[in-house]
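Asker: One structure, pasted below without further comment.
None of the figures in this text is laboratory data; all of them are computed from the coordinates on show. The structure presented is a predicted model; accordingly, all values stated were derived computationally and were not measured. Glycine also receives a Cβ, built like all others from the backbone with ideal geometry; neighbour counts cover every protein chain displayed.
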Amino acid sequence: MVRVVTGEVFDVAVDLRKSSPTFGKWIGFALSAANMLMAWIPPGFAHGFLTLSESAEVLYKTTDYWYPEHERTLLWNDPTFDIAWPLIDKPILAPKDLAGIAFRDAETYA
């Protein structure tokens, strides 16, 4: 479960399940303190977000403990997805996002 308690983000989930009819497809939506929406990102999906406000506080409820050694990062602007990020300027990326890999090279799920 993902929820924004301060600020606003554009949240994206990408289906990495080969057996799914939506494999390789993405969905994006705004989560904010104002709209009070929450999102559930199922296992087998990549997840990321773009902060739209000056700052944002995001809460996660996960289905398991976080193990950083198992974390993987997709290239945020991979042309395979053509995600319609609502960018105004060039985004400021975390080091792990700068090192993201292309979808064609990514681990997927059954």
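Asker: Output the relative contact order of the chain, whole-number percent, from Cα pairs under 8 angstrom with separation of 6+ residues.
Answerer: 33
Asker: What is the calculated FRET efficiency for Thr63 to Leu93, with r their C-beta to C-beta distance and R₀ = 25 Å, to the nearest 0.05?
Answerer: Working: r = 26 Å, r/R0 = 1.06.
For Thr63 and Leu93, the calculated efficiency is 0.40.
Asker: What is the extension gain from Thr51 to Arg17, computed as 0.36 nm multiplied by their sequence separation minus the C-alpha to C-alpha distance, in nm to one decimal? It would help to have the intermediate numbers written out before the result.
Answerer: On the way: separation 34, 0.36 × 34 = 12.24 nm, distance 2.64 nm.
My answer for the length gained is 9.6 nm.
Asker: Moving to a separate point now. What does DSSP give for the chain in terms of the percent of beta bridges that are antiparallel, rounded to the nearest 5?
Answerer: 90
Asker: About its Cα centre, how strong a charge dipole does the range 2-105 have in debye, to the nearest 20, once Lys and Arg get +1 and Asp and Glu get -1 at the Cβ?
Answerer: Result for the range 2-105 is approximately 320 debye, rounded to the nearest 20.
Asker: Sorted by packing (mean other beta-carbon atoms within 10 Å per residue), highest first, where do 28-34, 93-99 land?
Answerer: Ranking, from highest mean packing down: 28-34, 93-99.
Asker: Taking the Cα centre of each part, how many Å lie between the range 24-46 and the range 61-110?
Answerer: Their Cα centres are 14 Å away from one another.
Asker: In addition: As a check on your grasp of the helix formula, calculate [θ] at 222 nm for the chain: sum -39500 (n - 2.57) over DSSP H runs of n ≥ 4, divide by the residue count, round to the nearest 500.
Answerer: The helix contribution divided over the chain gives -500 deg cm²/dmol.
Asker: Going by amide H atoms built from the backbone, whose H comes under 5 Å of the H on Arg17, apart from near neighbours?
Answerer: The list, which skips near neighbours in sequence, is Gly24, Tyr109.
Asker: Same structure again: Give, in nm to one decimal, the length gained when the segment between Ala39 and Arg104 is fully stretched (0.36 nm per residue of separation minus the Cα-Cα distance).
Answerer: Stretched fully, the Ala39-Arg104 segment lengthens by 20.8 nm.
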